[in-house]
1. Sort 45-55, 7-17 for me by packing, meaning the mean count of neighbouring Cβ atoms within 10 Å per residue, highest on top.
2. Can you grab the distance from the C-alpha centre of segment 19-65 to the C-alpha centre of segment 69-91, Å, no decimals?
3. Give me a comma-separated list of calculated 3J(HN,Hα) values for segment 81-94, in order, Karplus coefficients 6.51, -1.76, 1.60 applied at θ = phi - 60°, integers in Hz, x for any Gly or Pro.
4. Residue by residue, what Karplus-based ³J(HN,Hα) values in Hz, rounded to whole numbers, does segment 59-72 have, using 6.51, -1.76 and 1.60 with θ = phi - 60° and x for Gly and Pro?
5. How much FRET efficiency would the formula 1/(1 + (r/R0)^6) give for H84 and A46, where r is the Cβ-Cβ distance and R0 is 25 Å, rounded to 0.05?
6. Is any residue of segment 4-19 close enough, with backbone N under 16 Å, to a label point placed 7 angstrom from the Cα of T77 along the Cα-Cβ axis, and if so, which?
7. Each residue of segment 18-33 in order: what ³J(HN,Hα) in whole Hz does its phi give by Karplus 6.51 cos²θ - 1.76 cosθ + 1.60, θ = phi - 60°, with x for Gly and Pro?
Amino acid sequence: MTTKGAMMTDALRQLLAALEAERQALAGMDVEALSLATTHKDALCASLAGAPARPLTDEERGLAETARALNDLNRRTRNLLAAHTAARLDALTGAAACYTLRRPADGSST
């Protein structure tokens, strides 16, 4: 593996670790840890964005796909937490729901 290839693999592995730290921070509702994980994740993404364009190796592709899946899981978790918080606040204040399910005009569920 070339040095550039090793750097890409290392950055992707670090990104996976940052995403796992973000997941744990979300689960523990640890704002400071979430902030640190997000900062680290952003720095790694900037580093990866600056990498020269080249085809990914099978290992790199696997790491990138795993990172994408973890990032999506974290995004869904954040959205659920935000919806739960909004529902609690709405219940406390009697305000209309901030997050509502919108149904298509034809009444279908998709």
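1. Working: 45-55: 9.7, 7-17: 17.3.
Final packing ranking: 7-17, 45-55.
2. First find each Cα centre; the distance between them is then 19 Å.
3. The phi angles translate into 4, 5, 5, 5, 4, 4, 5, 5, 5, 4, 5, 5, 9, x Hz.
4. Result, rounded to whole Hz: 5, 4, 4, x, 5, 5, 5, 5, 4, 4, 5, 5, 5, 5.
5. Details: r = 31 Å, r/R0 = 1.25.
Step by step, r from the Cβ atoms, then E = 0.20.
6. 15-19
7. 5, 5, 5, 5, 5, 4, 5, 5, 5, 4, x, 6, 9, 4, 5, 5
We did not get these values from a lab; they are worked out from the coordinates using the rules stated. This structure is a prediction, so every number in the text was calculated from the model and none was measured. Note: ideal-geometry Cβ built from the backbone for every residue, glycine included; neighbour counts use all protein chains shown.
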